[in-house]
Amino acid sequence: MNAEERNYLVLDKIIERYGERPGGLVRVLYKAQELFGYLSPDVQTHVAEKMCLSVGHVHGVATFYAQFVTAPQGKNVVRVCMGTACYVKNAEDILDRFRELLGVETDATTADGRFTLSTTRCIGACSLAPLLTVNEKVHGHLSVEGVARLVELYREDDLDTDEEVSPVERERERERQRPASDQGAAPPPH
Amino acid sequence: MAPPTQVLVCDSTACRSSGGEQLFKVLRGEIKDLGLDVRVVKTGCYGFCGLGPVAVVHPGAVLYCHVDEDGAGEIARTHLRGGRLVQRLLYRSMNGEGRRNFLHEIPFFEKQQRVVLENSGLIDPEDINEYIARDGYFALAEALRSRAGPAGVVDAVLRSGLRGRGGAGFPTGRKWSFAAAQESPEKYIICNADEGDPGAFMDRSILEGNPHAVLEGMLIAGYAVGAREGYVYVRAEYPLAVKRLEIAIRQAQKLGLLGKNILGSGFNFDVDIALGAGAFVCGEETALLRSAMGFRGEPRVRPPYPVEKGLYDKPTIINNVETLANVPVIIRCGPEWYAALGTGGSKGTKIFSLAGQIRNTGLIEVPMGISLADIVYDIGGGPPPGRRIKAVQTGGPSGGAVPAELLDVPVDYESLQAVGTIMGSGGLIVLDDTDCMVDLAKFYMQFAAHESCGACTPCRVGVVHVVDILERITRGEGTMDDLHELGELADDVREASLCGLGQTAANPVLSTMKYFWDEYLAHVKERRCAAGVCKALSH
Ligand SMILES: Cc1cc2nc3c(=O)[nH]c(=O)nc-3n(C[C@H](O)[C@H](O)[C@H](O)COP(=O)(O)O)c2cc1C
Ligand code: SF4
Ligand code: FES
């Protein structure tokens, strides 16, 4: 069983557990995102089928909420807080510096798949403003000068531990292998 | 026998991310290595988030701030073993009054009154026994045993004068009596823990510091109105709060404080969690209901109100986290005691989160009626050195700015409304001479535009239009016509929008136009931004 099949098995367990409950869909989608990195059309369709919902409903929910992403994310997801407390402490300048250093716009991923740059709503640690999260970790009391160091940190970290292929690269690989005329067919085995 | 020595280490989101977890680990390790008989406890927030990570040593209540790894070792060796204070980690007043060794000496706490937060920062939020040891669930038992029955509980909440802390200030007892009057075998209690106001973190701190108080409030509400199920709708950006809630629910279930036949009274009630997923509008109650049922969180027209037609069309009480956390106090100490706190129309205390341009950022609880000036200068320590406070934004995206000249205004529902803002949920953002009020208004309008669910045209289109105008003004391309149009548009959006988001979206603009008209004029007529924030105008 490969990793993807395993993920689907885990997801089905979650659907069994939460699928019947109110708001269950949101929980299921969270879990799916945790497992697969993002909510691809395939994953959304799978959830819809298993929960006896229309694909439109699932898609509607997946795209309504800021926490869900429907495109593959980079290995490190940088989310700069744009809440009021962070904003008045110049969060915008910090976001600008990231754009400059990473060479991407907000809500985009670098070509090497290492970083996705995004923003977040207030995470409730406003005393540390301005702050951001990288993946799960909160970094507070930021300065524009500190941004470069942070990028370095996560870049190096990547070099050491980069064994798993980032979801972005995986998706790109898939796109490359999928013949343009034959969108529906399964990708050829590696 | 001397009291046992304990070290309380704050383990809330803010202190954690500034190194709290590391502090805990090192401290524990050193204490073990040194063979000391000291208990290290993880607690919720004590409010001093800007000084994190913090640790308090008892007996004595010695406060240590910014404790790094070396510091943790020093506390173990010098203080816990050697009996001497670690001078370099003591609180140092930023006003230059020198060091303060003990918690109660610190001016930050002088004007506070911790009623709802009484246990936060003192007990381990992941251990139900610590809550029970501090009279936790006593109010529930009292309510269940009282001969006055559910009606007596509703009456007590009515007499306490408690008003909703989620923003609008609706009397909680009235809401409960409406729900109690509904004839339906199924009713629900929902705790609104979406906390969408950016810059506000009261609800997170309550949930992380003392989740059982909220569960107890829900239980009492359920008993009062005849509900058997409750949900906490909590935003997923608060993973620690979600985790602590899950633990609290499990522990309460295990002790029979949730579930069937609670405390042998025949009352059944259980609580589950519904996760929010990042949409400000989901804090609005009808949107929250849809979201909790697994749909897009889009508001609907009220009436019918949730107390008539809520979750699954059943009567539902939706109360804010802080509102519910007040309930056990009211039952335990009595409505009369509670009603003696605060002012005539605004009873009790209010929790605020202080952020922005202020020396002491963090979480505070004050009696209603205290002035904004007392909060900002005495508790908050005033602006950073060399700066001047310009305004305080209350009520977040639905509220307004109170200019420095008016900071003597008492903090209560009516007085704040009289100066053109609202109590809101309790986020206080302090602004100083480095902030541009036009830019701030633009920030809030961009927020509203981004968060609008788009279901009704005035909000979807109107708000974007306001953003466009503000963008022109901050780029130095604004005209006097633009300024006039701003006011008119704001009125239209307020009148014609379906839900509170649209109806209040323009408040930050109207309030800054009222008090900071000269800044708008300077941007338009002189192409000048005095604060130097609007980049196109700052040379
Ligand atoms: C756009 C919008 C967002 C809101 N967000 C919240 C919120 O995050 N938390 C909250 O408790 N109430 C929020 N409210 C208010 C709730 O709709 C509701 O009035 C409140 O939860 C009632 O509880 P209370 O009576 O205890 O204050 C919001 C209202 C609007 C219009
Ligand atoms: S006022 Fe705005 S947020 Fe509210 S329902 Fe209309 S479009 Fe949606
Ligand atoms: S505004 Fe950034 S964490 Fe609250």
Problem set entry | Protection-proxy order for peptides A:9-17, B:39-47, A:79-87, each taking the mean of Cβ atoms within 10 Å per residue, highest first | A:79-87, B:39-47, A:9-17
Seminar exercise, completed: Checked chain B against the a/c 1.5 cut and the a/b vs b/c comparison, axes a ≥ b ≥ c from its Cα gyration tensor; verdict oblate
Seminar exercise, completed: Stretched fully, the stretch from A:GLU156 through A:ASN2 gains (0.36 nm per residue minus C-alpha distance, one decimal, in nm) 52.6 nm
Problem set entry | Principal axis box of the stretch A:52-162, alpha-carbon based, largest edge first, Å | 50, 34, 22
For this session: Could you pull out every Cys in chain B that lacks a partner Cys with its beta carbon under 4.7 Å away?
Result: B:CYS45, B:CYS49, B:CYS65, B:CYS191, B:CYS282, B:CYS333, B:CYS436, B:CYS453, B:CYS456, B:CYS459, B:CYS499
For this session: Would you mind pulling out the separation of the Cα centroids of the stretch A:1-69 and the stretch B:446-479, in Å?
Result: 34 Å
Exercise. Expressed as cubic angstrom per residue, what is the convex hull volume of the alpha carbon set of the stretch A:1-121?
Worked result: 113 Å³
For this session: Please go through the stretch B:66-138 and write out the trypsin sites (Lys or Arg not before Pro) that DSSP classes as loop and that have at most 16 other C-beta atoms within 10 Å.
Result: B:ARG84, B:LYS111, B:ARG134
Problem set entry | Whole-Hz couplings from phi, Karplus 6.51/-1.76/1.60, listed for the stretch A:115-122; x for Gly and Pro | 10, 10, 9, 8, 10, 9, 6, 3
Problem set entry | Electrostatic dipole magnitude of the protein assembly as shown [Cβ: Lys, Arg +1; Asp, Glu -1; Cα centre; debye, to 20] | 1540 debye
Seminar exercise, completed: So, over other residues within a Cβ distance under 13 Å of B:ALA143, counting Lys, Arg +1 and Asp, Glu -1, the net charge is 0
Problem set entry | For A:THR119, distant residues with modelled amide H under 5 Å away | A:VAL80, A:ASP107
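Order the peptides B:267-279, B:144-156 from the highest to the lowest mean number of other Cβ atoms within 10 Å of their residues. Working shown, then result.
Details: B:267-279: 20.7, B:144-156: 16.2.
Listed from highest to lowest mean packing, they are B:267-279, B:144-156.
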Seminar exercise, completed: For the stretch B:254-375, the charge dipole (Cβ of Lys, Arg +1; Cβ of Asp, Glu -1; about the Cα centre) points to a positive end, and the Cα of B:GLY283, B:GLY310, B:ILE330 closest to that extreme belongs to B:GLY310
Problem set entry | Counted charge near B:ASP313, where neighbours are those whose Cβ lies closer than 13 Å (Asp, Glu -1; Lys, Arg +1) | +3
Exercise. Going through the DSSP H helices of chain B, which span 15 Å or more along their own axis at the Cα atoms while scoring at least 0.5 as a mean Kyte-Doolittle hydropathy?
Worked result: B:149-160, B:211-225, B:321-333, B:463-474
Exercise. Over all residues in B:287-294, what is the mean tally of Cβ atoms on other chains that come within 10 Å of each residue's Cβ?
Worked result: 4
For this session: Loop only per DSSP, at most 14 neighbouring Cβ atoms within 10 Å: give me the GluC sites (Glu not before Pro) in the stretch B:67-159, ordered by residue number.
Result: B:GLU97
Exercise. What whole-number value in cubic angstrom gives the convex hull volume per residue for the C-alpha atoms of the stretch B:1-154?
Worked result: 146 Å³
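Averaged over A:130-136, how many beta carbons belonging to a partner chain fall within 10 Å of each residue's beta carbon?
Per-residue shielding by partner chains comes out at 1.
Less than 13 Å Cβ to Cβ from B:GLN87, Lys/Arg counted +1 and Asp/Glu -1: what total charge do the surrounding residues give?
Around B:GLN87, the surrounding residues sum to +4.
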Exercise. When the helix-only estimate is applied to chain B (DSSP H runs of n ≥ 4, each -39,500 (n - 2.57), divided by the residue count), what is the mean residue ellipticity at 222 nm, nearest 500 deg cm²/dmol?
Worked result: -10500 deg cm²/dmol
For this session: Mind jotting down the distance between the C-alpha centroids of the stretch B:269-335 and the stretch B:22-66, whole Å?
Result: 37 Å
Seminar exercise, completed: HN-Hα couplings for the stretch B:405-418 via Karplus (6.51, -1.76, 1.60; θ = phi - 60°), in whole Hz with x for Gly/Pro, come out as 5, 9, 5, 6, 4, x, 7, 8, 3, 6, 5, 5, 4, 5
Seminar exercise, completed: Rounded to a whole number, the mean other protein chain Cβ count within 10 angstrom for residues of B:436-447 is 2
Exercise. Ordered by packing density, taken as the mean number of other Cβ atoms within 10 Å over each peptide's residues, highest first, how do B:158-167, A:122-131, B:478-487 rank?
Worked result: A:122-131, B:158-167, B:478-487
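When 1/r is averaged over all different Cα pairs and the result inverted, which Kirkwood radius in Å belongs to the stretch B:391-539?
15.3 Å
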Problem set entry | Sequence-distant residues sharing a close amide H with B:ASP272 (under 5 Å, placed H) | B:GLY230, B:TYR231, B:VAL232
Exercise. Which whole-Hz couplings ³J(HN,Hα) result when phi for each residue of the stretch B:274-282 is put into the Karplus expression 6.51 cos²θ - 1.76 cosθ + 1.60, θ = phi - 60°, listed in order with x for Gly and Pro?
Worked result: 10, 8, x, 9, x, 8, 4, 5, 5
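Taken together, the values in this text are just the output of simple stated rules run on the coordinates, not laboratory data. Quick caveat, the model's predicted, so the values are computed rather than measured. Glycine gets a Cβ as well: all are built from the backbone with ideal geometry, and neighbour counts include every protein chain shown.
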